[in-house]
Amino acid sequence: MGTSFSGGAPAESNVVKASDFLLLHGNGPDDPDRIRKMIRASHQVPAWRPMPVLINEDDHFRFGDPDNHMLAALGEYASWGYFDPGRNDYVEGYQCPPVNWGIDTERKRQFFTVLKTVTGS
């Protein structure tokens, strides 16, 4: 069981206590340090215990930068879900069914390039 919060909000103790995993939103201001602080603050709540932390709905990419939201989350041992809204035209992005699962936009190529580097593929 889990729930999510608005962008940038750390988990609160009552949710940590009742959750099997934390689902934190990465949308909001574009600042990788905010992602780190949100994860660390969630770890500091009184009910914290080891569990998966997942960042989702993060609409910040900057995959070519040495520091970005994806790398910030991974550096804190949290997952980072790729949210690619594209133009909601069923061609770009991965958000609107039927989804075009191809790696056919520059943003998708940048994401998978970083993913390949991070995973050592």
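What nm distance separates the two modelled labels at ASN14 and ASP59, each placed 7 Å from Cα along Cα→Cβ?
Each label point is offset 7 Å from its Cα along the Cβ direction, giving 2.9 nm.
Give me the net charge for the shell around GLN110: Cβ to Cβ below 13 angstrom, other residues only, Lys and Arg +1, Asp and Glu -1.
Residues near GLN110 contribute +1 overall.
Going by alpha carbons, how many degrees (0 to 90, nearest 10) lie between the helix axis of 32-43 and the longest principal axis of the chain?
Tilt relative to the chain: about 30 degrees.
Arranged by the count of other C-beta atoms within 10 angstrom, fewest first, what order do SER79, SER121 take?
The most exposed by this proxy come first: SER121, SER79.
Which semi-axes, in whole Å and largest first, does the equivalent ellipsoid of the range 1-94 have when worked out from the alpha carbon gyration tensor as the square roots of 5 times its eigenvalues? Please list the in-between numbers first.
On the way: eigenvalues 117, 45, 21 Å².
Those come to 24, 15, 10 Å.
Assuming 0.36 nm per residue, please report the length gained on full extension of the stretch THR117 to ARG87 beyond their Cα-Cα distance. Can you show the working numbers first?
Values: separation 30, 0.36 × 30 = 10.80 nm, distance 2.68 nm.
So the chain would gain 8.1 nm between THR117 and ARG87.
If each DSSP helix of 4+ residues adds -39,500 (n - 2.57) and the sum is divided by the residues in the chain, what number results at 222 nm, nearest 500 deg cm²/dmol?
-9500 deg cm²/dmol, from helical runs alone.
Coordinate-derived values only; no laboratory data. Not measured: the values here are computed from a predicted model. Counting neighbours? That spans all protein chains shown, and the Cβs are built from the backbone with ideal geometry, glycine included.
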